[in-house]
1. Under a 5 Å amide H to amide H cut-off, with H placed in plane at 1.01 Å, what residues pair with K268 once short-range neighbours are removed?
2. Put C229, C123, C223 in order of accessible area, largest first, 1.4 Å probe: what do you get?
3. May I ask you to give the percent of accessible area on the chain that is carbon plus sulfur, with a probe radius of 1.4 Å?
4. About the Cα centre of segment 126-211, how large is the charge dipole given +1 on each Lys and Arg Cβ and -1 on each Asp and Glu Cβ? Please answer in debye to the nearest 20.
5. Compute the acute angle (0 to 90°) between the alpha-carbon long axis of helix 144-154 and the principal axis of greatest extent of the alpha-carbon atoms of the chain; round to the nearest 10°.
6. Using the Cα centre as the reference, give the magnitude of the dipole from point charges on the C-beta atoms of the chain (Lys, Arg: +1; Asp, Glu: -1; all else neutral), rounded to the nearest 20 debye.
7. Taking the dipole about the Cα centre of the chain, with the C-beta of Lys and Arg at +1 and of Asp and Glu at -1, give me whichever of G67, S214, A172 is farthest to the positive side.
8. Once amide H atoms are built 1.01 Å from N in the peptide plane, which residues 5 or more positions from A113, or in another chain, come under 5 Å H to H?
Amino acid sequence: MTQAAPDFDVIVVGSGPAGVSTTFPLLEAGLKVLMVDGGREAKIPPPANSYLNSRASSSGQSEWMLGRDFHALHFAAASSPKFRTPTHSHVFEGFEKSNQIVGEGFVATGSLARGGLSNAWGCGVAKLSASELKDFPFTPEELEPSYESVARRMGVSGAVQDDLSAYFGLDAYADKPIAIDSVQASLLSKYQKKATQLHSLGVKLGRSRVAALSTDRGDRKACDLSGNCLWGCHRKALYSAGDDLQTLRTFSNFFYRPGFVVERVFLKDGLPSIQGQRLSNSTTDSPTLSARKVVLAAGTLATSRLAMLALKIDRPLQMQATPVAAFML
Ligand SMILES: Cc1cc2nc3c(=O)[nH]c(=O)nc-3n(C[C@H](O)[C@H](O)[C@H](O)COP(=O)(O)OP(=O)(O)OC[C@H]3O[C@@H](n4cnc5c(N)ncnc54)[C@H](O)[C@@H]3O)c2cc1C
């Protein structure tokens with residue numbers, strides 16, 4: 001029996017950093033790629049003036065400070081202030097319900113947004129260390145070309161020879177640092193005078209390497225120190241995979257279906273297939289699409305759930321995390 005022709009070469013589930021980074025090389029290789037995602041978009045834009053000016057004189061500031069529905073007051077126990085900013089409400093909205101994920105003893109964070117959690121992330125970037133990669137089936141050196149192409153595409157700033165160069169490991173692919181203010185400059189200068197003593201205590205200080213622009217790139221403009229990072233950057237200085245999605249859409253072999261929430265992955269007539277629900281549609285149909293390969297890039301929790309369902313794994317699995325908050329401190 002001949003196999004049915006697939007709709008696409010590859011279906012990528014998710015438009016976050018993982019999804020877009022997977023898709024660029026596939027398109028460049030000439031493959032026909034479909035990307036599906038939750039497709040949620042921002043309802044409130046971030047402030048366009050400097051933070052202090054907006055707070056002093058903007059008549060519309062309650063919209064992004066508090067939210068039309070008092071969004072900022074709803075998440076008192078949130079682990080990050082990003083969960084409370086009205087400009088990011090779309091990022092986290094509806095994730096657990098649509099993906100049927102419940103956190104017991106932890107907060108299950110995920111996104112159904114276009115660009116995923118990278119709409120709200122802190123933009124801190126660093127290479128994984130050799131010890132973090134020790135159980136992976138490749139060496140840190142084999143990742144180098146990927147670090148280079150992803151860092152250059154995202155736009156990373158902070159390249160300067162300092163005590164954190166080795167830790168971040170991205171200076172070869174990064175632009176100059178974003179300017180610091182007088183308080184930060186004074187702190188750094190005091191650190192440099194006492195560096196030897198502080199090193200003996202295990203303390204190191206330096207410039208942050210962040211996926212935030214210090215030089216313009218097309219319609220993304222360099223950071224102007226407006227102080228609005230918490231609400232999002234109207235200049236697009238902060239990297240979001242949603243901006244890369246715009247570039248992906250210029251490829252003629254790229255197809256995009258927002259608002260398509262995948263509910264299961266399975267084999268149909270021998271082909272990997274996805275079945276899902278349309279988010280913004282009142283119809284109850286469950287469209288099915290096939291490809292030669294399906295790539296799950298729906299974020300750690302949603303990807304794990306879909307993979308476990310497909311592989312019929314019903315025993316508990318341990319999740320692991322790297323302490324991202326520590327390096328941002
Ligand atoms: C407040 C905050 C700060 C952070 N700061 C940092 C930081 O400084 N540095 C750092 O490295 N990381 C940081 N992170 C983590 C970082 O944002 C994530 O690791 C990263 O976004 C994961 O990318 P991803 O593509 O795997 O998934 P996500 O970004 O979660 O994207 C998931 C995609 O899948 C889609 N999707 C989800 N479920 C389905 C489904 N069932 N069907 C179809 N599509 C689906 C969504 O629409 C989305 O497009 C932060 C996260 C948060 C919340």
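1. Amide H neighbours of K268: S273.
2. Working: C229 80, C123 5, C223 50 Å².
Descending accessible area places them as C229, C223, C123.
3. 56 percent
4. 460 debye
5. Taking Cα atoms only, the helix is inclined about 80 degrees.
6. 480 debye
7. The one lying farthest along the dipole's positive direction is G67.
8. For A113, whose amide H was placed from the backbone, the distant partners under 5 Å are R40.
The values are calculated or read from the model by the stated rules, or taken from the named source; none is laboratory data. Predicted model only: the values in this text are computed from it and were never measured. A quick note on method: Cβ atoms are made from the backbone with ideal geometry, for glycine too, and the neighbour counts reach across all protein chains shown. Calculation scope for accessible area: heavy atoms of the full protein, side chains included, ligands and nucleic acids excluded. Shrake-Rupley method; radii C 1.70, N 1.55, O 1.52, S 1.80 Å.
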